[in-house]
1. Would you be so kind as to identify which of L126, G24, G103 lies farthest towards the positive end of the dipole of the range 1-136, taking Lys and Arg as +1 and Asp and Glu as -1 on Cβ and the Cα centre as origin?
2. Starting from the Cα of Q160, step 7 Å along the direction of its Cβ; do the same at R138; then give the gap between the two resulting points in nm.
3. Mind running the shape call on the range 10-165? Use the C-alpha gyration tensor, a ≥ b ≥ c as the square roots of the eigenvalues: rounded below 1.5 for a/c, prolate if a/b tops b/c, oblate otherwise.
4. What net charge is computed for the residues neighbouring P34, neighbours being all others with C-beta under 13 Å from the C-beta of P34, Lys and Arg scored +1, Asp and Glu -1?
5. Return H51, H117 ranked ascending by Cβ neighbour count within 10 Å, so the fewest neighbours appear first.
6. Suppose a student asked you for the relative contact order of the chain, using Cα pairs under 8 Å spaced at least 6 residues apart; what percent would you report?
7. I need to check one value: relative contact order of the range 70-165, counting alpha carbon pairs closer than 8 Å and at least 6 residues apart, in percent.
8. Per residue of the chain, what 222 nm ellipticity follows from adding -39500 (n - 2.57) for every DSSP H run with n ≥ 4, rounded to the nearest 500?
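Values in this text are rule-based calculations from the coordinates and carry no lab data. Since we're looking at a predicted model, the values are computed, not measured. Here the Cβ is made from the backbone with ideal geometry for all residues, glycine too, and neighbour counts use every protein chain on show.
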Amino acid sequence: MRDTVPGDKEARQLIVRPAMPEDGRELLKWRNDPYVRAMSRHSDVIDAAHHAQWYERALASPDKILLVGLVAGQRIGMVRFDRCRLSMWEISIMVAPESRGLGISRPLLQNAMACFHQLHGGSSLLAVIKKCNMPSLRIFESLGFKNTIEEDVFTTYIFQPALSE
């Protein structure tokens with residue numbers, strides 16, 4: 001999927017593609033970024049060996065979909081889908097530290113959702129977001145996710161595609 005993000009249209013073309021083995025190191029670097037860890041349910045630093053094993057299994061799993069966003073050939077973020085039930089998947093987004101604040105989160109998420117729904121059209125999406133992560137809360141709400149569960153630290157949102165999608 002392609003979309004544009006703010007800035008020079010040609011240079012700001014956003015492409016979403018399946019994650020590949022060579023993306024693993026960069027994704028680990030992003031995952032261990034202090035901000036990403038602070039916004040995650042699991043905030044521990046992940047070591048390279050553990051990540052490599054997880055990543056290899058994730059790429060091969062029919063119950064996980066990892067999509068990488070690129071702008072001008074540079075990785076800018078990842079959207080991950082984890083199957084919870086037959087037609088329910090948890091979605092999460094991770095933006096590269098150098099790409100934050102550039103307005104790419106919403107188009108990245110939107111394009112990844114479009115790719116996902118080409119494969120799993122009727123599936124609902126679940127997002128679990130820290131209450132203090134206001135940018136993520138706003139983006140998910142703007143894309144039609146509805147707040148369903150409030151907990152102490154996290155809020156759960158659900159996206160249910162229209163029957164015509």
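1. Of the candidates, L126 comes out farthest on the positive side.
2. 2.8
3. Values: a/c = 1.25, a/b = 1.18, b/c = 1.06.
Rounded is the answer for the range 10-165, as its axis ratio a/c remains below 1.5.
4. Working: positive: K29, R31, R37, R100; negative: D33, D44.
Counting the neighbours of P34, the net charge comes to +2.
5. Working: H51 18, H117 15.
Least crowded to most crowded, the residues run H117, H51.
6. Working: 253 pairs, mean separation 32.2, N = 165.
RCO, the chain: 19 percent.
7. On the way: 125 pairs, mean separation 22.8, N = 96.
About 24 percent, as a whole number.
8. It lands at -9000 deg cm²/dmol.
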